[in-house]
Amino acid sequence: MSEFKSFEGGIETNAIQPFLVGSMSKDSRLAILKKHGLEYKDDPNTFYDLQKFLSAFEEVKNQFGEMNLFLIGKAVMDNAQFPPMNGLKEALESLDVAYHMNHRKAGVPMFNPSTGQMLEGIGHYKLTRFDQDAKEAVMVCHTPYPSKFEEGLILQIVRKFKPEGSIRTKVTLDETKETRRTGGETCTFIINW
C-alpha cells in the first residue's frame, strides 16, 4: 500500500478546506484542485472524489514539498467535523470517528452518530498505547493519506488537548516499523507531550 492511493472507488470527502492552507498561494491550491477535476465550493456539505483529492495532495508534495502536507494536516482541527472530545486520550481515540464522519461511500456517510455504525473502505486511526505517566502514546494510521499530513493532524490534536502543565509536544514517525512511504500498510507515530 502506498500514500495517495484510495483503498477503493466511490469514496468522497468533505474535508477539503484544510487543503487551502500552506505556504503556497490560495490561487495555486485552487488551480491544483481544478487540475485534478475538483471545483472547490465554500460549503462544508460538498463532497469530493477521494482519489482526485489524494492526487492533488501528491502534486502539492511534488511541487511545494512535504511541509505543505504537514500544514494541511494541522489545519484539519479547525476545518473538519469532530465528535465532542474531552482530554487528550479521548481526542486521540476519537480521531477514527472524526475521520469517518468526514467521508462517505457511495453517497452514504461512513459514520452514523445515531447508530455508531462505521463503514469500511478508508482504513483507520488506532490508538494502541496511551501512558499518561510517561506522557507518551502510539497511534497506528492505516489510511491513504500522506504520513506528513497525518503527523500535522496528530500534532495539532496533541497541542489542543495536552494536559495542563505539559510544555513540549512531539509527534514522530516510527521508522523502525513499516511506513506507507516505503510501501507498508500503516504508519506508526510516537506521540509525546
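No lab work stands behind these numbers, since they all come straight from the coordinates. These figures come from a predicted structure and were not determined experimentally. Every residue, glycine as well, gets a Cβ built from its backbone with ideal geometry; the counts of neighbours run over all protein chains shown.
Tabulated results
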| quantity | calculated |
| --- | --- |
| Sum of -39500 (n - 2.57) over DSSP H runs of 4+, divided by residues of the chain (222 nm, nearest 500) | -11500 deg cm²/dmol |
| Nearest 10 degrees, 0 to 90: helix 26-35 Cα axis against the chain principal axis | 60 degrees |
| Degrees separating the helix 66-79 axis from the principal Cα axis of the chain, which is the longest one | 80 degrees |
| Listed candidates [x] 10.8; [y] 13.8; [z] 35.8 - label of the one calculated as mean projected area of the Cα convex hull in nm² | [x] |
| Dipole axis of the chain (+1 Lys, Arg; -1 Asp, Glu on Cβ), positive-most option in Val140, Phe19, Met110 | Phe19 |
| 20 Å Cα-Cα threshold exceeded, pairs from Lys126/Lys162; Lys5/Lys41; Lys26/Lys52; Lys35/Lys148; Lys126/Lys177; Lys26/Lys74 | Lys5/Lys41; Lys35/Lys148 |
| Net dipole in debye of the chain [+1 Lys, Arg Cβ; -1 Asp, Glu Cβ; about Cα centre; nearest 20] | 320 debye |
| Relative contact order of the chain, defined on C-alpha pairs under 8 angstrom at six or more residues apart (%) | 25 percent |
